[in-house]
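Visitor: A single structure is presented below for examination.
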Amino acid sequence: MKKGNVLVIGNSGVGKSTLINAILNEEVAHTSPIERGTEIMTRYENDSCPFGLIDTFGFEPEKKGSVIDLFKKAKAIDLVKKWTKDVVDSQLEGDPNQINVIWYCIDGNSSRLFKKNVDDFIQATSDWKSVPIIVVITKSYIAEDRENNIQMIENSFADQKRKHTRICAVVSKPNDAQSGLSELVQATMELMPDGLIGAANDIKQMRLAQKRVKAHALVADALVPAIATSLNPFGKSNISDAQVLTAAETGLLFGIAKVYDIQQEGTLDSMKKMYENAQALVGPAKLAAELIHKLGIPFGKLVINAIVTSCVMLAIGEGSVYIFEKIYLGEKSIEDMDWIKNSINSEFAKESTDFVSALSRSISSQTKLSDLPKILLTLGEEILKK
Ligand SMILES: Nc1nc2c(ncn2[C@@H]2O[C@H](COP(=O)(O)OP(=O)(O)OP(=O)(O)O)[C@@H](O)[C@H]2O)c(=O)[nH]1
Ligand SMILES: [Mg+2]
């Protein structure tokens, strides 16, 4: 199916190419921290995204406002205008109606320049007067700044004839907790003409699958050191008796929340307590103790610690993914604490019993303590893959 296109525009270095890579979930566009990153305008597309993305040569960021800088900027604006036409001719079969949405990217840390930037932008896109604009605030980490930035953008557009349709704030750097990307895709889909949005639902499912992979990778990464610590006979941890989450367990919950763009700290703190209560209620320690008693396994306490640690990590992983997915899909509300609590309790019970019963088939009184981490990890990974 033919896809619509987004023209991505803004000053050099604001993060246009980084944003494109984040949306496509692939490192395709060249990015650079110092010099100009993008030299050639290119259209990118893959199955992760319901529209094509056209990366542009950024306008010069205004450094000192010198004559040379202003000249360079004017040239860049002309270049963008000319190149957009070239892209239409060469890559979009000469059909200018194929640019369906413009993302105008502004660096969230340069609010001082917003007004001037908007003038440049309007000039550069004067050939695309009827194309809807989404203003994208990039590198947007701080909620308070975001509010101010949105206000300043509204003010900057207030005197313009040309109007923007939406403002979205994003963080797109791969190693940071990315945020706002799903909302941006959703907002863009809403602006695409009808014939070009056929695959919208599939895309949501695809992004969901990507998020699930990321969340499960976090659980797998957290399991290794947690199991090692719990099996250390000289370690101070006494996890089997503990009913508070360890730092690693809490970190995992917050990490998964970030994958799903969930930022309500109050809710996350409540969820942490719910996991602690569920742990007490379901008693993975009791299940583990019964198992090692039945099998006559030595090193009882350490093994119980390791089993409980694995159960808690898996319950946080699977439980949080289940809950956050429903919220992400709009099927459930983050305000619905009773539902969250019930989900946590039932996931905890399910993960603990599944894990302990799978374990009962993999260990025996002959199992060496040194083999246990591998056995626990393999079982954990199998559960995550299911
Ligand atoms: N911390 C942080 N850095 C970012 C983010 N997005 C982009 N960057 C960084 O900003 C720098 C410039 O990013 P690019 O994506 O190359 O910027 P661009 O707008 O494509 O620049 P040109 O191609 O020159 O027009 C790179 O060092 C990126 O890593 C973000 O969300 N957070
Ligand atoms: Mg670039």
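Read-outs throughout are calculated quantities, based only on the coordinates presented, and are distinct from any laboratory measurement. None of these values were measured; they are calculated from a predicted model. Note: ideal-geometry Cβ built from the backbone for every residue, glycine included; neighbour counts use all protein chains shown.
Visitor: Which Cα, out of LEU92, ALA222, TYR275, lies furthest along the positive dipole direction of the chain (beta carbon charges, K/R +1, D/E -1)?
Guide: Result: ALA222.
Visitor: Sticking with this one: Rounded to whole Å, give me the distance from the Cα center of segment 97-124 to that of segment 150-179.
Guide: Distance between centres, Cα-based: 9 Å.
Visitor: Would you work out which of GLN263, VAL6, ALA289 lies farthest towards the positive end of the dipole of the chain, given +1 charges on the beta-carbon of Lys and Arg and -1 on that of Asp and Glu, about the Cα centre?
Guide: ALA289
Visitor: Say each of GLU331 and ASN148 gets a label point 7 Å from the Cα, pointing the same way as Cα to Cβ; how far apart are those two points in nm?
Guide: 4.1
Visitor: Rounded to whole Å, give me the distance from the Cα center of segment 314-375 to that of segment 254-304.
Guide: What the calculation gives is 8 Å, centre to centre.
Visitor: For ILE307, ILE340, which order do you get if you count the other beta carbons within 10 Å of each Cβ and list the fewest first?
Guide: ILE340, ILE307
Visitor: Along the charge dipole of segment 4-198, which of ASN117, PRO50, THR138 sits closest to the positive end, that is, farthest toward it, with unit charges on the beta carbon of Lys, Arg, Asp and Glu (+1, +1, -1, -1)?
Guide: So the residue furthest toward the plus end is ASN117.
Visitor: Sort 13-25, 168-180, 252-264 by packing, meaning the average of other beta carbons within 10 Å per residue, with the highest value first.
Guide: Ranked by mean Cβ neighbours within 10 Å, highest first: 13-25, 252-264, 168-180.
Visitor: OK, next. Please list, in chain and number order, the residues 5+ apart from ILE106 or on another chain whose amide H is under 5 Å from its amide H, with Hs placed from the backbone.
Guide: HN-HN under 5 Å from ILE106: VAL136, ILE137, THR138.
Visitor: So, by mean Cβ neighbours within 10 angstrom, what's the order for 143-154, 344-355, 75-86 with the highest one leading?
Guide: Taking the mean over residues of other Cβ atoms within 10 Å, the ranking is 344-355, 75-86, 143-154.
Visitor: Let me ask something additional. Packing-wise, with mean Cβ within 10 Å as the measure, how do 297-303, 274-280 rank, highest first?
Guide: Ranked by mean Cβ neighbours within 10 Å, highest first: 274-280, 297-303.
Visitor: Continuing with this model, one more query. So what are the ³J(HN,Hα) numbers for segment 262-272, from phi and the Karplus equation (6.51, -1.76, 1.60; θ = phi - 60°), rounded to whole Hz, Gly and Pro as x?
Guide: So the Karplus estimates, Gly and Pro as x, are 9, 10, 6, 5, x, 5, 5, 4, 5, 5, 4 Hz.
Visitor: Sticking with this structure for a sec: Relative contact order of segment 214-356: what whole-number percent is it, with Cα pairs under 8 angstrom and at least 6 residues apart?
Guide: Once divided by the residue count of segment 214-356, the mean separation gives 34 percent.
Visitor: Still on this structure, I have one more. If you look at just the Cα atoms of the chain, how large are its Rg and its Dmax in Å?
Guide: 25.7, 83
Visitor: Share of antiparallel DSSP beta bridges in the chain, in percent to the nearest 5?
Guide: If I count the DSSP bridges inside the chain, around 15 percent turn out antiparallel.
Visitor: As a test of the formula, what do you get for the chain when each DSSP H run with n ≥ 4 contributes -39,500 (n - 2.57) and the sum is divided by the residue count, at 222 nm and rounded to the nearest 500 deg cm²/dmol?
Guide: -19000 deg cm²/dmol
Visitor: I would also like to ask the following. So which of LYS3/LYS214; LYS116/LYS139; LYS214/LYS326; LYS139/LYS258; LYS294/LYS385; LYS211/LYS386 end up more than 21 Å apart by C-alpha?
Guide: In this structure, LYS3/LYS214; LYS294/LYS385 exceed 21 Å between Cα atoms.
Visitor: Please order HIS30, HIS216 by the number of other Cβ within 10 Å, starting at the fewest.
Guide: Fewest-to-most Cβ neighbours within 10 Å comes out as HIS30, HIS216.
Visitor: I want the local charge near ASN5. Using Cβ-Cβ distances under 9 Å, sum +1 for each Lys or Arg and -1 for each Asp or Glu among the other residues.
Guide: Cβ neighbours under 9 Å give a net charge of +1.
Visitor: Around SER140, what is the net charge, scoring Lys/Arg as +1 and Asp/Glu as -1 over all other residues with Cβ under 13 Å from its Cβ?
Guide: Taking every other residue near SER140 into account, the sum is -4.
Visitor: Right, next: Which whole-number percentage describes the relative contact order of the chain, with Cα contacts under 8 Å and a sequence gap of 6 or more?
Guide: 13
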